[in-house]
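One structure below.
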Amino acid sequence: MKPRFCDDGCRPELDLHGCAVDEALSLVRELIYESIRYGRNSIKIIHGKSTTVPRKRTIKSALTELVDSDEFSTYVIDSYKSEGHMTIALRRAGSHHPSGRMSLNLNNFP
């Protein structure tokens, strides 16, 4: 299974099933930056239910660390964390944004 992305023009959604942790974080970074560029208010990231193993990094835990980090403090207003997904509220920057739907490069995944 490879990650899936869809954008209805309002709130983009990224399903990270099939990703390794570092691949997932790279896609989420790209999604946040593109969402800001397109003037989106929020994004939904489906990370799945983590089966937590002691000392093992999961997409869910790494994503929480990323969103709460200083890297996105300028852009992230708040986040709603659920067992299988996360919704992130974004700060809109400027008033001139590209129109249309966003796309992400998912070609690097089998």
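The values are calculated or read from the model by the stated rules, or taken from the named source; none is laboratory data. Keep in mind the model is a prediction, meaning the values are calculated, not measured. Don't worry about glycine lacking a Cβ; one is built from the backbone with ideal geometry, like all the others, and counts go over all protein chains shown. With ligands, DNA and RNA removed, areas are computed over all heavy atoms of the protein, side chains included. Shrake-Rupley method; radii C 1.70, N 1.55, O 1.52, S 1.80 Å.
For the stretch 2-21, how many residues are more than 20 Å from E83 (Cα to Cα) and surrounded by fewer than 17 Cβ atoms within 10 Å (Cβ to Cβ)? First the steps, then the outcome.
First pass over the stretch 2-21, keeping only residues more than 20 Å from E83 (Cα to Cα): 2, 6-10.
Keeping just the survivors that are surrounded by fewer than 17 Cβ atoms within 10 Å (Cβ to Cβ) gives 2, 6, 8-10.
Of the residues in the stretch 2-21, 5 are more than 20 Å from E83 (Cα to Cα) and surrounded by fewer than 17 Cβ atoms within 10 Å (Cβ to Cβ).
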| query | Which one of these does R55 not meet: (1) more than 27 Å from P98 (Cα to Cα); (2) surrounded by 13 or more Cβ atoms within 10 Å (Cβ to Cβ); (3) basic (K, R)? | reply | (2)
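Would you check if there is a residue in the stretch 32-46 being on the phi < 0 side of the Ramachandran plot, surrounded by 14 or more Cβ atoms within 10 Å (Cβ to Cβ) and without any contact (Cβ under 8 Å) to a residue 24 or more places away in the chain? Write out each step before concluding.
Keep residues of the stretch 32-46 that are on the phi < 0 side of the Ramachandran plot, which gives 32-38, 40-46.
Among the residues that remain, those that are also surrounded by 14 or more Cβ atoms within 10 Å (Cβ to Cβ) are: 32, 34-36, 38, 40, 42-46.
Keeping just the survivors that are without any contact (Cβ under 8 Å) to a residue 24 or more places away in the chain gives none.
No: the stretch 32-46 contains no residue that is on the phi < 0 side of the Ramachandran plot, surrounded by 14 or more Cβ atoms within 10 Å (Cβ to Cβ) and without any contact (Cβ under 8 Å) to a residue 24 or more places away in the chain.
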| field | Near pairs, Cβ below 7 angstrom, 6+ apart or cross-chain, from the stretch 89-110 (assigned to a loop (DSSP other than H, G, I, E, B)) to any residue that is modelled with pLDDT under 80 and surrounded by 10 or more Cβ atoms within 10 Å (Cβ to Cβ) | value | none
| Among (1) open to solvent by 50 Å² or more (accessible area, probe 1.4 Å); (2) at negative phi; (3) modelled with pLDDT of 85 or more, which single condition is R92 missing? | (3)
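Take the residues of the stretch 95-110 that are farther than 20 Å from D22 by Cα and not hydroxyl-bearing (S, T, Y): which is surrounded by the most Cβ atoms within 10 Å (Cβ to Cβ)?
Pass one, the stretch 95-110, residues farther than 20 Å from D22 by Cα: 95-102.
Adding the requirement that they be not hydroxyl-bearing (S, T, Y) leaves 96-98, 100-102.
Working: H96: 6, H97: 13, P98: 10, G100: 9, R101: 12, M102: 18.
Result: M102.
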| What number goes with the only condition from (1) open to solvent by less than 40 Å² (accessible area, probe 1.4 Å); (2) in contact (Cβ under 8 Å) with a residue 40 or more places away in the chain; (3) more than 12 Å from the chain's Cα centre (by Cα) that A62 does not pass? | (3)
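May I ask you to list the residues in the stretch 71-88 that are in a loop (DSSP other than H, G, I, E, B) and either in contact with a helix residue (DSSP H, G or I) (Cβ under 7 Å, 6 or more places away or on another chain) or surrounded by 14 or more Cβ atoms within 10 Å (Cβ to Cβ) (or both)? Step through it out loud before you land on a result.
Our first condition is that a residue be in a loop (DSSP other than H, G, I, E, B); within the stretch 71-88, this holds for 73-75, 82-84.
Residue satisfying the conditions is Y75 alone.
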